[in-house]
Every structure is written in C-alpha cells, then in structure tokens.
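Asker: I am attaching a structure below and will ask some questions about it afterwards.
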Amino acid sequence: MIKTVNLQKKYTTDEVETTALVNVNLHVKQGEFLAIMGPSGCGKSTLLNIIGLLDNPSGGEFYFLEQEISKFSERQRANLRKEYLGFVFQSFNLIDELTVYENVELPLIYLNVGSAERKQRVEQVLEQMQIAHRRNHFPQQLSGGQQQRVAISRAVVSKPKLLLADEPTGNLDSAHGQEVMQLLSTLNEQGTTIVMVTHSPTDADYAHRIVNLFDGQIISENVKELATL
Ligand code: ADP
Ligand code: ADP
C-alpha cells in the first residue's frame, strides 16, 4: 500500500534548515496496523503528513497504491485523499455547529453519495462506533471518548483503504482511550489498514508492528503477529 525509498524531509524557516526525516525506508502492507513511536520532535507527524498526502517529501521516492506520487500537485493529492484516506486526530476536529449525524454524513456529501445510501452508511457506522444514541447531539454535548468515536465514524464512513491516526487517545482518560483503541482494532480486523502515531505503549500494543523513530530516522522495529499478515 505504501512504500518509501530514502524518504527525506527538510523544512526551511527564516533561512534555518531543519531536517525532519532522513532516508526513511518504510513499507506498509494492505491490512497492516502500524504504530509509529518516538520522542517529541523526531519526525512522527512529518512522516504521517507525507503518508497522508498532506505534504510532499523533499527527497526520495514515495509510492501510494503503486503510484510514485512525491511530485503530485496539491489537487492530485487532495483527490487521492478524498477517495482513499481517513484521518483521526488527537483533538477530534469535529464541526461544532453540526450534529453527530451531520458531521459523519459530511464526507459522503463531498463524495456525491446519494441521500438514501448516505443515511444507511451513517447509521451503520454510528451503530458500529456505539454512538448512534447521540446522533442528534452536538459535539460540545459529548464526552471526549464520545467525540473521538464520532471522529472515527466520520473518518471511516467513506470506507477508506487507509486510516491515519495521530495520537488518537491523547486527549482521553485511559478507559476511554482503550475503548477507542478497541474500535480501531476491530476496524483493522475488518480490513482497514491503519497507520497510527502514538506516545502510548498501551496503544502501540494494539498494532502488528511498531516503528521507532529518532532524529528523523527509523532506529528499530518490533514486529508482532507476523503470522497473521
Ligand atoms: P514529532 O511529530 O515527532 O514531534 P515533527 O514531525 O513534528 O516531530 O517534527 C520533526 C522536526 O521538524 C522537528 O525538529 C520540528 O521542529 C521540525 N518541523 C516540523 N514541522 C515544521 C515546519 N512546518 N516548519 C519547520 N520545522 C518543522
Ligand atoms: P460512553 O459511551 O462514552 O461511556 P454514554 O453516556 O454514551 O457514555 O454511555 C453510558 C452508558 O449509558 C452506555 O451503556 C450507553 O449505552 C447508555 N446510554 C447513554 N445514553 C443513553 C440514552 N440516551 N438512552 C439509553 N442508554 C443510553
């Protein structure tokens, strides 16, 4: 699904150059659940942004679904994102003026899905994420765990091939964090490939494989459950 060859990322601000990624070689297979770990500033978000087609690398090759896309335009990347990717963030990023139902329906409206199918898919995902009883509430009326379940619903309602999660439990207490991780794990078992950035060893334990970044480089990998891949 994803392959990087000697991926590099440099940022230049006020003529100061920061190297965020150095020769990263990463291969993510369809069906995998990968966790990226490492200290603050090691390049995790940068890597996730490139994998998520939000940013281009400054060097190396980046393949997404067999296409070399490091030179794609913003518009081309946006089209791929809309079609294939779902995002979950630490801060939920829900639209406060829309209900739970409307937040989750939004990606399907952007994809021009007809209203009958929209209703069916939104209801199905709200049930699966155990938040259907809150469908007419607004985000601010919900607990953090509930908001994250809505955010995951919104991310997966379009049936993305790849789900990217950046510290998905970062704003949750441990019980609600574990609930969220269980739901992500179930989505992965049902076929969604997941790449997650996390500081939490408990969260990383749900992944098949952990990649450890340090100073922009992959320094080690831990593989679990190799037999199931
Ligand atoms: P992490 O997610 O592991 O905390 P980041 O990917 O955010 O790490 O950052 C990696 C390095 O790149 C850090 O040194 C950070 O300061 C730098 N960096 C990240 N984003 C930018 C940016 N937009 N402009 C300049 N430097 C950046
Ligand atoms: P959370 O799911 O984040 O723990 P909830 O308030 O949604 O918080 O759920 C707490 C429990 O109460 C759950 O078992 C849920 O099914 C139930 N519950 C919550 N709201 C309602 C409701 N409006 N009607 C019936 N049961 C509810």
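None of the figures in this text is laboratory data; all of them are computed from the coordinates on show. Bear in mind the structure is a predicted one, so any value in this text is a computation, not a measurement. As a convention, Cβ positions derive from the backbone with ideal geometry for all residues, glycine included, and neighbour counts pool all protein chains shown.
Asker: Counting only pairs 8 or more places apart or on different chains, how many lysine pairs in the chain have C-alpha atoms closer than 22 Å?
Answerer: 27
Asker: Okay, moving on. Using θ = phi - 60° and the Karplus relation 6.51 cos²θ - 1.76 cosθ + 1.60, list the HN-Hα couplings for the stretch 132-148 in order, rounded to whole Hz, with x at every Gly or Pro.
Answerer: Calculated HN-Hα couplings, in order: 4, 5, 10, 4, 9, 7, 9, x, 5, 8, 10, 6, x, x, 5, 4, 5 Hz.
Asker: Check which residues have an amide H placed less than 5 Å from ALA20's amide H, if you skip close sequence neighbours.
Answerer: Result for ALA20 returns LYS9, LYS10, TYR11.
Asker: Take the alpha-carbon centre of the stretch 158-223, take the same for the stretch 61-95, and report the distance between them in whole Å.
Answerer: Cα centres, the stretch 158-223 to the stretch 61-95: 18 Å.
Asker: Per 10 Å bin, what is the whole-percent P(r) computed from every C-alpha pair distance within the stretch 69-123?
Answerer: Going out from 0 Å in 10 Å bins, the stretch 69-123 shows 20, 43, 30, 7 percent.
Asker: Using only the Cα atoms of the stretch 1-91, build the gyration tensor, take square roots of its eigenvalues as a ≥ b ≥ c, and label the shape rounded, prolate or oblate: rounded if a/c is under 1.5, else prolate if a/b is larger than b/c, else oblate.
Answerer: rounded
Asker: Name the residue farthest towards the positive end of the dipole of the chain from the options LEU53, ASN222, GLY144, assuming +1 on Cβ of Lys and Arg, -1 on Cβ of Asp and Glu, about the Cα centre.
Answerer: The one lying farthest along the dipole's positive direction is LEU53.
Asker: For the chain, list log₁₀ I(q)/I(0) at each q in 0.07, 0.14, 0.18 Å⁻¹, using the Debye formula over Cα point scatterers of equal strength and ignoring solvent, two decimals each.
Answerer: For the requested q values the scattering log ratios are -0.22, -0.90, -1.37.
Asker: Under a 5 Å amide H to amide H cut-off, with H placed in plane at 1.01 Å, what residues pair with PHE214 once short-range neighbours are removed?
Answerer: ILE219
Asker: Give me the net charge for the shell around VAL150: Cβ to Cβ below 11 angstrom, other residues only, Lys and Arg +1, Asp and Glu -1.
Answerer: Result for the local shell: +3.
Asker: To the nearest 0.05, what FRET efficiency results for GLN217 and GLU123 with a Förster distance of 41 Å applied to their C-beta separation?
Answerer: Plugging the Cβ-Cβ distance into 1/(1 + (r/R0)^6) gives 0.35.
Asker: Which residues' amide hydrogens lie under 5 Å from the amide hydrogen of VAL88, considering only partners 5 or more residues apart or on another chain, with H built in the peptide plane?
Answerer: For VAL88, whose amide H was placed from the backbone, the distant partners under 5 Å are LEU164, ALA165, ASP166.
Asker: Count neighbours as other Cβ atoms within 10 Å of each site's Cβ, and list the trypsin sites (Lys or Arg not before Pro) in the stretch 3-40 that are DSSP loop with at most 13 such neighbours.
Answerer: Here the sparse-neighbourhood loop sites are LYS29.
Asker: If you filter the stretch 1-79 for GluC sites (Glu not before Pro), then keep DSSP loop positions with at most 12 other Cβ within 10 Å, what is left?
Answerer: GLU15, GLU66
Asker: Within the stretch 78-162, which GluC sites (Glu not before Pro) sit in a loop by DSSP and count at most 13 neighbouring Cβ atoms inside 10 Å?
Answerer: GLU97
Asker: Taking the Cβ of ALA132 as the center, what net charge do the other residues with Cβ under 11 Å away carry, scoring Lys and Arg +1 and Asp and Glu -1?
Answerer: Value of the local net charge: +1.
Asker: When only Cα pairs under 8 Å and 6 or more residues apart are kept, what is the percent relative contact order across the stretch 1-147?
Answerer: It comes to 20 percent, rounded to a whole number.
Asker: By its C-alpha gyration tensor, with a ≥ b ≥ c as the square roots of the eigenvalues, how is the stretch 42-161 shaped: rounded for a/c under 1.5, else prolate for a/b larger than b/c, else oblate? Intermediate values should be presented prior to the final figure.
Answerer: Numbers: a/c = 2.73, a/b = 1.73, b/c = 1.58.
Verdict is prolate for the stretch 42-161.
Asker: With angles folded into 0 to 90 degrees, how steeply does helix 74-84 sit against the dominant principal axis of the chain? Use alpha carbons for both and round to 10.
Answerer: The angle comes out near 50 degrees.
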